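A.B. asks: Pasting a structure here, questions to come.
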Amino acid sequence: MAEIKEFVVNDRRKFTPEGELRPDAPPSEPKPPRPETLQPAAPPPDQYESSARLTGPQAVPDKSSEPVADASAEGQPEMPPPPTDEQTTQAKTAYDATVDRLDTAIRAANPGMERIPEMDFTRLIQSIYMQAILQLGGGAEPGQTPQIDLLGARQSIDMLDVIGEKTRGNLTTPEEQLLQSALFEARMGFLEMTQLLARQAASKQPPPGAPSGPSIVR
């Protein structure tokens, strides 16, 4: 018959059934620190020097040499650098040569046609003014429903206003009179059309001369 050896049962529980710490409980072993809490060891001083020699001035940028942002330009989009004088000259030369070839081709296809007049301040103001009038329905044929682009007309009128502000004191008397007349007539046409549309919306009746009334281009 095999010999039965005695064995001892050790209670290794730390707490009693009542939840109290047992006086003979073994001490708790400290838990190893988590990987994210470990701090990297600091390199020796010579390593800093070697890193500085390898990276040069890129390691620690000198902020004193950075350009200071203009406070007045805050909130404005960053503009690309302007073209150089050489790039500007090359672009203008190529543009003028292309325009000359285009004019020659157009006159060859249309004998007797005169050369397109050069753009100047007077033609610029007249072009923007006519664009505003067309956007207010001035180009509609009799009996047709005019297409009204109030937002486009407003931008055209504001464009004339900006030109007047930027050229103030630098225009001849005829140029100033032309600009002010174009602004006045365009603004009055804009007011007349908005009032007409307001009356039409209030009465639900088409205005005289327009069978279905002007329609707004959105």
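The values are calculated or read from the model by the stated rules, or taken from the named source; none is laboratory data. Worth saying up front: this structure is predicted, and the values here are computed from it rather than measured. Because the Cβ atoms are built from the backbone with ideal geometry, glycine has one as well, and the counts that use them run over all protein chains shown. Quick note on the areas: whole protein, heavy atoms, side chains included, nothing else; ligands and nucleic acids left out. Shrake-Rupley method; radii C 1.70, N 1.55, O 1.52, S 1.80 Å.
A.B. asks: If we only count helices (runs of 4 or more DSSP H) wholly inside the stretch 73-172, which ones have 2 or more residues that are closer than 20 Å to Leu191 by Cα and among the aliphatic types (A, V, I, L, M)?
C.D. replies: Helices (runs of 4 or more DSSP H) meeting the threshold: 121-135, 150-166.
A.B. asks: Scan the stretch 126-137 residue by residue and report those that are over 19 Å from Glu176 (Cα atoms), open to solvent by less than 90 Å² (accessible area, probe 1.4 Å) and among the aliphatic types (A, V, I, L, M).
C.D. replies: Within the stretch 126-137, Ile133, Leu136 meet the criteria.
A.B. asks: Name every residue in the stretch 138-168 that is open to solvent by less than 80 Å² (accessible area, probe 1.4 Å) and farther than 19 Å from Ser127 by Cβ, in order of residue number.
C.D. replies: If the condition is that a residue be open to solvent by less than 80 Å² (accessible area, probe 1.4 Å) and farther than 19 Å from Ser127 by Cβ, then Ala140, Gly143, Thr145, Pro146, Ile148, Leu150 are the ones that fit.
A.B. asks: Restricting the search to the stretch 181-190, which residues are within 17 Å of Ser127 (Cβ to Cβ) and open to solvent by less than 90 Å² (accessible area, probe 1.4 Å)?
C.D. replies: Ser181, Ala182, Leu183, Ala186, Gly189
A.B. asks: Looking only at the stretch 116-125, filter to residues that are under 17 Å from Glu176 (Cβ atoms) and among the β-branched types (Val, Ile, Thr); which one of those is least open to solvent (accessible area, probe 1.4 Å)?
C.D. replies: Looking at residues that are under 17 Å from Glu176 (Cβ atoms) and among the β-branched types (Val, Ile, Thr), I get Ile125.
A.B. asks: Quick one: would you say Gln205 is farther than 17 Å from Ala140 by Cα, of a type in the set (S, T, N, Q), modelled with pLDDT under 90 and outside any helix (DSSP H, G or I)?
C.D. replies: Yes, satisfied.
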